[in-house]
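**Student:** One structure follows; several queries about it will come next.
No lab work stands behind these numbers, since they all come straight from the coordinates. For clarity, every value in this text was computed on a predicted model and none was experimentally measured. Every residue, glycine as well, gets a Cβ built from its backbone with ideal geometry; the counts of neighbours run over all protein chains shown.
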Amino acid sequence: MSTTRILLATLAVVAAGDLGAVEYSQFQADKSRLTFVSKQMGVPIDGSFRKFGGSLSFDPARPTAASARLDLDLASIDAGSRDANEEVVGKPWFNLKMFPTATFVSSAVRPLGGDKFELAGKLTIKGRTQDITAPFTFHQEGSNGIFDGGFVLKRLDFALGDGVWADVATVANEVQIKFHIVAAAAATRK
């Protein structure tokens, strides 16, 4: 077989593979979750955020071209109790009056093999921006793409818990963040 025929056959196989490519870009907030676990005096405290939105574009055939943005309504926090909810929106913590939203914007997605990936980007909370890396898995459920992952946030990097709350013996610096994002598939590419 000539080199030209091999090249044409390879291009045909690649083009045929692109016909079935699916991009997951329809963020479904009602099916998605953003949770966290913090430790207060060594005791784990579960929490969550009820309102967040975003945009994403993820094609499993082209993961390095993916992009994501998440906008988190900090007032929607459930920190485990009414007292905790009232405390964390104040100036020493989120300072909600000045900074009502936290934002994550991706900069890269790296395939790790199989259904595992690594997401990198910038997280901004309380006017401070830090680089974040989060491993995640992806799988398809019907016409939806499911993204599950997490990372450890160091709260003091974002000035969360100023003053007396800066003592990590009282509230640990590390907060485990977990996400479960559901996105519907956009129209199939032709």
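Results for (1) surrounded by 14 or more Cβ atoms within 10 Å (Cβ to Cβ); (2) part of a strand (DSSP E or B); (3) among the hydroxyl-bearing types (Ser, Thr, Tyr), shown as yes or no for each residue.
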residue: ILE132; (1), (2), (3): yes, yes, no
residue: PHE136; (1), (2), (3): yes, yes, no
residue: HIS139; (1), (2), (3): no, yes, no
residue: PHE147; (1), (2), (3): yes, yes, no
residue: VAL168; (1), (2), (3): yes, no, no
residue: HIS180; (1), (2), (3): yes, yes, no
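**Student:** I would also like to ask the following. Exactly one of (1) out of contact with any Lys or Arg (no Cβ under 9 Å at 6 or more places or on another chain); (2) within 22 Å of VAL43 (Cβ to Cβ); (3) not small (Gly, Ala, Ser) is unmet by TRP93. Its number?
**Tutor:** Answer for TRP93: the failing condition is (1).
**Student:** Please state which one of GLY161, GLY127 is in contact (Cβ under 8 Å) with a residue 24 or more places away in the chain, under 24 Å from LYS91 (Cβ atoms), loosely packed, with under 13 Cβ neighbours inside 10 Å and of a type in the set (Gly, Ala, Ser). Outline the logic, then answer.
**Tutor:** Numbers: GLY161 fails: loosely packed, with under 13 Cβ neighbours inside 10 Å.
Checking each option against the conditions leaves just GLY127.
**Student:** Are any of the residues in the stretch 54-73 of a type in the set (Val, Ile, Thr), under 18 Å from the mean Cα position of the chain (by Cα) and farther than 17 Å from GLY145 by Cβ? Can you show your working first?
**Tutor:** Within the stretch 54-73, the subset of a type in the set (Val, Ile, Thr) is 64.
With under 18 Å from the mean Cα position of the chain (by Cα) added as a condition, the list becomes 64.
Right, trim to farther than 17 Å from GLY145 by Cβ and you get none.
So far as the stretch 54-73 goes, no, none of its residues is of a type in the set (Val, Ile, Thr), under 18 Å from the mean Cα position of the chain (by Cα) and farther than 17 Å from GLY145 by Cβ.
**Student:** Do we have ILE45 as in contact with a Phe, Trp or Tyr (Cβ under 8 Å, 6 or more places away or on another chain) and among the β-branched types (Val, Ile, Thr) here? Steps first, answer last, please.
**Tutor:** Numbers: in contact with a Phe, Trp or Tyr (Cβ under 8 Å, 6 or more places away or on another chain): no; among the β-branched types (Val, Ile, Thr): yes.
No: the conditions fail for ILE45.
**Student:** Within the stretch 130-158, restricting attention to residues that are hydroxyl-bearing (Ser, Thr, Tyr) and without any contact (Cβ under 8 Å) to a residue 40 or more places away in the chain, which residue is farthest from ALA75 (Cα to Cα)? If you could, list the steps in order and put the result at the bottom.
**Tutor:** Looking only at the stretch 130-158, we keep the residues that are hydroxyl-bearing (Ser, Thr, Tyr), and these are 133, 137, 143.
Those still in the list that are without any contact (Cβ under 8 Å) to a residue 40 or more places away in the chain too: 133, 137.
Details: THR133: 25, THR137: 28 Å.
Restricting to residues being hydroxyl-bearing (Ser, Thr, Tyr) and without any contact (Cβ under 8 Å) to a residue 40 or more places away in the chain, the top hit is THR137.
**Student:** Here is a follow-up. So which residues in the stretch 102-124 are outside any strand (DSSP E or B) and either of a type in the set (Phe, Trp, Tyr) or surrounded by 13 or more Cβ atoms within 10 Å (Cβ to Cβ) (or both), if there are any at all? Even if it seems obvious, please write down each step before you answer.
**Tutor:** Within the stretch 102-124, the subset outside any strand (DSSP E or B) is 114-115.
Matches in the stretch 102-124: ASP115 only.
**Student:** Would you call THR170 in contact with an Asp or Glu (Cβ under 8 Å, 6 or more places away or on another chain) and among the β-branched types (Val, Ile, Thr)? Walk me through how you get there before you give the answer.
**Tutor:** Values: in contact with an Asp or Glu (Cβ under 8 Å, 6 or more places away or on another chain): no; among the β-branched types (Val, Ile, Thr): yes.
It is false that THR170 is in contact with an Asp or Glu (Cβ under 8 Å, 6 or more places away or on another chain) and among the β-branched types (Val, Ile, Thr).
**Student:** All but one of (1) charged (D, E, K, R); (2) more than 17 Å from ALA183 (Cα to Cα); (3) part of a strand (DSSP E or B) hold for ARG69, so report the exception by its number.
**Tutor:** Unmet for ARG69, out of (1) charged (D, E, K, R); (2) more than 17 Å from ALA183 (Cα to Cα); (3) part of a strand (DSSP E or B): (2).
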